[in-house]
Ligand SMILES: [Zn+2]
């Protein structure tokens, strides 16, 4: 019994255990807002190529964790996408 208890303690104290096997603690690269980092980047709702970057293949607006945009620019992006949808450049849905 005593030996088993000691083994458990050792496993818990082993630092490599958490780092190697638990994917929640993997180091993630911090994303930089594409609009803040590039000053020449123009968010134009009439430009399809730019707008398609922020929409997935189903036509949904990508979340901030995927685009990496800051909250201010994510708001601008959603407004631009909705404008593009209204003038039928981008689809509302896609199967
Ligand atoms: Zn930004």
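Each reported figure results from applying straightforward, stated rules to the coordinates on display, with no laboratory input. Worth saying up front: this structure is predicted, and the values here are computed from it rather than measured. Glycine also receives a Cβ, built like all others from the backbone with ideal geometry; neighbour counts cover every protein chain displayed.
Could you list, in sequence order, the residues of the stretch 53-95 that are assigned to a helix (DSSP H, G or I), within 16 Å of the ligand (Cβ to nearest atom) and within 15 Å of residue 42 (Cα to Cα)?
72, 73, 74, 75, 76, 77, 78, 79, 80, 81
Would you point out the residue of the stretch 25-52, among those that are more than 15 Å from residue 81 (Cβ to Cβ) and more than 16 Å from the ligand (Cβ to nearest atom), that is surrounded by the most Cβ atoms within 10 Å (Cβ to Cβ)?
Per the criteria, the residue is 25.
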